[in-house]
Amino acid sequence: MFGIGTDVGVPDGATASLVVRPVRALRLHVGGSHNYVSPGVRAGVTLVPFASWFSPTLSFDAGRYTEGDANPLARMITGDRSFQARVLERVGYDYVNAHGGLELGRKRFTFYIHAGMSRVTTEVHELGVSADENRAGVTFVDDPRVTLWSVSARAGLILYVK
């Protein structure tokens, strides 16, 4: 079966996907995403062990967001229209998810909730702090690569069209 899906989550952002279910217990998806900063992509696989209208699931996904300017998001969150930080001008990341979940529906329509762990990796640009005569400072020769493990979740819908 083939379908289209949409979901929202962290760190996934909002994603629209093409979904393929080659066998009853396996679902594959690939799609485009947006996180209010930049566009991205995500692909993944979901195992659905039971053929019932209510089933537990196990999902694995990988995604990537291109670098974008996060200053407009920071201005929206803080309410400070003059806010500008160089470190937020180039924000992008890669992530992998491992989620357990529950889904309702099976044949033509599926609603799901997934939660688990994510590994997010990024490079932080423009992080160097210049030292003056009275203070110690930190200077980075290269942009540091940062890896974060975090809880994550998403909720979504799938409509099967064939």
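What follows draws every value from the coordinates through simple rules; no lab data is involved. From a predicted model like this one, the values you see are computed outputs, not experimental measurements. Here the Cβ is made from the backbone with ideal geometry for all residues, glycine too, and neighbour counts use every protein chain on show.
Report the trypsin sites (Lys or Arg not before Pro) located in region 22-62 that are in a DSSP loop and have at most 12 other Cβ atoms inside 10 Å of their Cβ, or state none.
ARG24
Using +1 on the beta carbon of Lys and Arg, -1 on that of Asp and Glu, and nothing else charged, what's the dipole of region 2-160 about the Cα centre, debye to 20?
About 1060 debye.
Note down the net charge around ARG64, summing +1 for each Lys or Arg and -1 for each Asp or Glu among other residues with Cβ under 9 Å from its Cβ. Please list the in-between numbers first.
Details: positive: ARG42; negative: ASP94.
It works out to a net charge of 0.
Would you order ASP80, ASP142 from fewest to most other beta-carbon atoms within 10 Å of each residue's own beta-carbon?
Ranked by crowding around the Cβ, least crowded first: ASP142, ASP80.
Could you work out [θ]222 nm for the chain from helices alone, using -39500 (n - 2.57) per DSSP H run of at least four and dividing by all its residues? Round to the nearest 500 deg cm²/dmol. Provide the component values of the computation, followed by the final result.
Details: 1 runs with 8 residues, N = 162.
When only DSSP H runs of four or more count, the value is -1500 deg cm²/dmol.
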